[in-house]
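S.K.: Okay, here's the structure, questions in a sec.
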Amino acid sequence: MTAVESELRSIGELARASGLTISALRFYDRSGVLTPARVDPVTGYRWYTGDQVAPARLVAGLRRVGMPLAGIAEALRHRHRPAEVHRLLDAHLRRLEDGLTDARRELSRIRRLIDPEETTVTTRLVLSRAALSEAVDAVRFAVGADPELPALSGVLLAVEPDGVHLSATDRFRMAVARVDATVDGPAVTALLPVAAVDELRAALDTDAGPTVAAEVAADRVTVSVGDRPVTAVPLPYDFPDVRRLLRARVGDAPAYRIPVDGAALRAALTAADVPVCHRAHDGVAHEVVALGLDGRGELRLVDPEAAPVADGLRVGVNREYLLDALDAGGGQLVLELDGPITPLAVRRADDAHAFSVLMPVRL
């Protein structure tokens, strides 16, 4: 052993000190996450410094809680920036909690398949009438109308410990909203028919007090607005896992977050001289507008038919869909743009849980 090697730790010593196995250390070396300080050119034996014990222990801990390899690598890169690592840990914890909720829900569905006579568990909640009205308005426009895709013809109501989440999508756009609620019972989901959603929305417009009560079960949903109950039988379809799609965005900040006034942007989009082009889908022509940024980083409407400017951002979007999203979002909004082929997000400035996602149109 050379003098240099005598000052290093062998792979076995690091394994014992960190809690990682030797095979795991070899894997993290091959992955470029935790590379040894020295590799013997003849034997291929790995040697590590004492300073690598703490990073190895961090890797071991993250590995035990199921952090993906990319997350482990990022945590190591930012280990001297606690705020960044805490952000990664929080995001991973949310994924774990969502996964547990998904597992419970799926197991409940499996139990009903095995034993249809099994007693249905009902979850009861109380929530704000005004907040529920806003949430319905925020997602209703995105409900699908394609008869060949019945799973998209309703609004998904998902009751979680922290409240109620509403989701709708027609494949080209997606809308999500959340309402705080007092929840008594397990997590449960129900795909509400759009007719029942519209009936509920009409009932919420009545002067029936500040709160509404709801009972949600796998086979029936009843929302009591004052003395008027609105009852719906959930649709028997598997709604797309919207949360899994959204999780892919967790931790990935968009390239541009642009504050906009919804009314002003709506006026610009409906002006007589707004530049548009036409694109057809399934034999139906749609008007497409293009969003770009000026030299000050402010949003502007650009000619979708013009040649793109080098290094300039230009995102095409269905004008009708964007107008719907602006109407659902309300006044002050934030537009999130990443590029010409990345979905555009429209968020409410005062509510991070209410937003729409629109698929871009290739120009």
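S.K.: As I understand it, the value is the acute angle between the Cα axis of helix 82-114 and the longest principal axis of the Cα atoms of the chain; what does it come to in degrees, rounded to 10?
M.R.: 60
S.K.: Further question on the same structure: Determine the calculated [θ] at 222 nm for the chain from helices alone, applying -39500 (n - 2.57) to every DSSP H run no shorter than 4 residues and normalising by the residue count; nearest 500 deg cm²/dmol.
M.R.: On the way: 11 runs with 123 residues, N = 363.
Taking each H run of at least 4 residues, the total per residue is -10500 deg cm²/dmol.
S.K.: For the chain, what is the charge dipole size about the Cα centre, in debye to the nearest 20, if Lys and Arg each add +1 at the Cβ and Asp and Glu each add -1 at the Cβ? Don't skip to the end; give the middle numbers.
M.R.: On the way: 43 positive and 51 negative charges, 310 e Å.
Once rounded to the nearest 20, the dipole reads 1480 debye.
S.K.: Return one number: the angle in degrees, 0 to 90 and rounded to the nearest 10, between the long axis of the Cα atoms of helix 129-140 and the longest principal axis of the Cα atoms of the chain.
M.R.: 80
S.K.: Any idea what the relative contact order of the chain is, in percent, if you count C-alpha pairs under 8 Å spaced at least 6 apart? Before the final figure, lay out the partial values.
M.R.: Working: 624 pairs, mean separation 43.3, N = 363.
Relative CO of the chain lands at 12 percent.
S.K.: Using only the C-alpha atoms of region 265-349, find the volume of their convex hull and express it per residue in Å³.
M.R.: For region 265-349, the hull spanned by Cα atoms encloses 113 Å³ per residue.
S.K.: Also, quick follow-up: So what are the ³J(HN,Hα) numbers for region 16-29, from phi and the Karplus equation (6.51, -1.76, 1.60; θ = phi - 60°), rounded to whole Hz, Gly and Pro as x?
M.R.: With coefficients 6.51, -1.76 and 1.60, one gets 5, 6, 9, x, 8, 7, 4, 5, 5, 4, 5, 4, 5, 5 Hz.
S.K.: Another one. Could you tell me which label, among [x] 22.9, 72; [y] 25.9, 85; [z] 23.7, 80, carries the value of Rg and Dmax of the Cα atoms in Å calculated for this structure?
M.R.: Matching entry in [x] 22.9, 72; [y] 25.9, 85; [z] 23.7, 80: [y].
S.K.: Please give the Cα centre distance for region 226-241 versus region 281-348, rounded to the nearest Å.
M.R.: After rounding, the separation between the Cα centres reads 33 Å.
S.K.: May I ask you to order 55-66, 204-215 by the average number of other C-beta atoms within 10 Å around their residues, highest value first? Numbers along the way, then the final one.
M.R.: Details: 55-66: 16.4, 204-215: 14.7.
Going by the mean number of other Cβ atoms within 10 Å, highest first, we get 55-66, 204-215.
S.K.: Connecting C-alpha atoms closer than 10 Å in a GNM of the chain, tell me which of GLU298, GLU336, GLU160 has the biggest fluctuation.
M.R.: GLU298
S.K.: Something else: Quick check on packing: order 85-98, 319-332 by the mean number of other C-beta atoms within 10 Å, highest mean leading. Mind showing how you got there, number by number?
M.R.: Numbers: 85-98: 15.1, 319-332: 18.9.
Highest-to-lowest ranking by the protection proxy: 319-332, 85-98.
S.K.: Still on this structure, I have one more. Got a number for the accessible area of MET67? Probe 1.4 Å, square angstrom, nearest 10.
M.R.: 20
S.K.: I would also like to ask the following. How large is the dipole of region 261-363 about the Cα centre if only Lys and Arg carry +1 and Asp and Glu carry -1, each at its Cβ, rounded to the nearest 20 debye? Numbers along the way, then the final one.
M.R.: Working: 9 positive and 16 negative charges, 22 e Å.
Here region 261-363 has a charge dipole of around 100 debye.
S.K.: Using +1 at the Cβ of each Lys and Arg and -1 at the Cβ of each Asp and Glu in the chain, identify which of TYR45, VAL126, ALA196 lies farthest towards the dipole's positive end.
M.R.: Projecting each Cα onto the dipole axis, the largest value belongs to TYR45.
S.K.: So what's the angle, to the nearest 10 degrees on a 0 to 90 scale, between helix 194-204 and the longest Cα principal axis of the chain?
M.R.: Tilt of helix 194-204: around 70 degrees.
S.K.: Which residue, PHE239, PRO340, VAL65, has the largest displacement toward the positive end of the dipole of the chain when charges sit on each Cβ (Lys, Arg +1; Asp, Glu -1)?
M.R.: The Cα lying farthest towards the positive end belongs to VAL65.
The values are calculated or read from the model by the stated rules, or taken from the named source; none is laboratory data. Since the structure is predicted, the reported quantities are computational estimates derived from the model, not experimental observations. Cβ sites come from the backbone with ideal geometry, for glycine too, and all protein chains shown count toward neighbours. Each accessible area value is taken on the protein alone, full model and side chains, heavy atoms only, with ligands, DNA and RNA left out. Shrake-Rupley method; radii C 1.70, N 1.55, O 1.52, S 1.80 Å.
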